[in-house]
1. Would you please put 337-346, 146-155 in order of how densely packed they are, using the mean number of other Cβ atoms within 10 angstrom per residue and starting with the highest?
2. Using the Cα centre of region 198-320 as origin and beta-carbon charges of +1 (Lys, Arg) and -1 (Asp, Glu), tell me which of Pro272, Leu227, Gly199 is placed farthest towards the positive end of the dipole.
3. Based on Cα positions only, what radius of gyration and what Dmax would you give for region 32-182, in angstroms?
4. Would you mind checking the radius of gyration and Dmax of region 359-441 based on alpha-carbon positions, in Å?
5. Which log10 I(q)/I(0) values, to two decimals, does region 200-264 give at q = 0.15, 0.16, 0.19, 0.27 Å⁻¹ under the Debye formula with one point per Cα?
6. Taking every alpha carbon pair in region 250-388, what does the distance histogram look like in 5 angstrom bins from 0, in percent?
7. Highest mean first, how do 399-409, 24-34 rank when packing is the count of other Cβ atoms within 10 Å averaged over residues?
8. Just to confirm my numbers, what's the Cα centroid distance between region 116-140 and region 220-239 in Å?
Amino acid sequence: MKTQAPAGALRDRVSELMPELRAGLETLVRIPSISHPGHDPSQLGRSAAATEKILRNAGCETKIVEIEGVPAVLGQIRAPAGAPTVLLYAHHDVQPTGARELWHSDPFEPIEKNGRLFGRGTSDDKCGVVIHAGAIRAYDGQTPVGVRVFVEGEEEWGSPNLAKFLERYGDELRADAVILADSGNWRAGQPGLTISLRGIVACDIEIRTLDHAVHSGEFGGPVPDALTVLAKTLATLHDEKGNVAVPGIAKGKADPLDLTEEELRKQVGMRPGVRLIGDGGITDRMWMKPAVSILGIDAPRLTESTNQLVPSAKARVSMRIPPGQDADAAMKALADHLRTHVPWGAEVTITPRGAGKPYKLAGEGTAYDAMRRAMKEAFGREPVFMGAGGTIPFVADFAKAFPKATLLLTGAGDPFSNAHSEDESLDLKDLERSTLAEALFFEYLAAP
């Protein structure tokens, strides 16, 4: 479908394709392809098969490959003579749902409300599969660039086998540019290109004060309980203003863009009386400064609690780290801080739970010029070069595997998509715009 005026023709073609693209996304969302241990691994096989079918119908030569029993989907379209090649990445696995009662609809039965499609994986990241397929279908499979596709099945569990996939299939995936469709837009209707990512370190802390539980009335007073010790220890992770108190962690500055406190509060559903924490600009705090969160605590449930002193308690602590911070050094700093702030001589055990490196992209070159032009045409607005407070560890893996390729982080989600939470959703107009932008990118990269 080569044309002298691609924008209008491609826009019409993508619009025509939307009912089928939406149907494909809904098919994927109905498959509970949760990659976390403890969930049915056969669902990953189902989602890989559905992904392979979508890409094959788009015009790719496809195959399903496995490492350690985890299925990934590879696809390709050979490059026209002299044309560059683009690698398209997405993942077909999803996060667990969390408490089902918090969802307003079945997480695995997609439903549309107010122009948004709700369901687990709609934005993270099954829409990435559909965007790639739609961009290819816009050319009826005859793309002006070579296309390689890699859709993995364990991103939500930290991509433990990604480096092995890239090593084993690197020759089949090598490209001049890589679109990693696992980020999002600045806001609905306004495109974004993510150029910085925070990293993450996490550990478990266990406090023990007693060999066994004892009566709280008989011994409370002189004898400390583990839950109180744990609470006091965790409280030292922030200063009075809410800044991270772990010493030696890098800090930086970010473009403030046009994000206001009012918009941020609306995006996250912050309760009226709650204040923002920390010093500095909002985007500084979200993208270029550390952030500590307590992800969970193991202690007696209220319904299981009795009048006893709790002998041991655990918590999982996560710290996001900005670009420029070494992950190993950050893990050591976090563990050292926790260990040295345990009061009253209580016993403490720190267990590291993994790390992901921060990353910063240059955001320049021919591929970025092509994507900026494509996004502006598709959305009618200039794309925002933005950061992300979250962590995508695989970016470093792709950079290592393909050091000469330009990496671009895109996606169709927005701040209201609720990725990793209940009521995950996707703006359907942004799905269409993002698909058109990728299709235009192929054209503009082929003929800059």
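Please treat every number below as a calculation from the coordinates, not as lab data. Fair warning: this is a prediction, and the values are worked out from it, not measured in the lab. Neighbour counts run over all protein chains shown; Cβ positions are idealised from the backbone, glycine included.
1. Averaged packing, sorted descending, gives the order 146-155, 337-346.
2. So the residue furthest toward the plus end is Gly199.
3. Rg then Dmax for region 32-182, in Å: 15.8, 55.
4. Rg and Dmax of region 359-441, Cα atoms, are 14.0, 39 Å.
5. Once normalised to I(0) and log-transformed, intensities are -0.75, -0.80, -0.94, -1.21.
6. 2, 7, 12, 13, 14, 14, 13, 9, 6, 3, 3, 2, 1, 0
7. Working: 399-409: 17.3, 24-34: 22.5.
Sorting 399-409, 24-34 by mean packing, highest first, produces 24-34, 399-409.
8. One Cα centre to the other: 47 Å.
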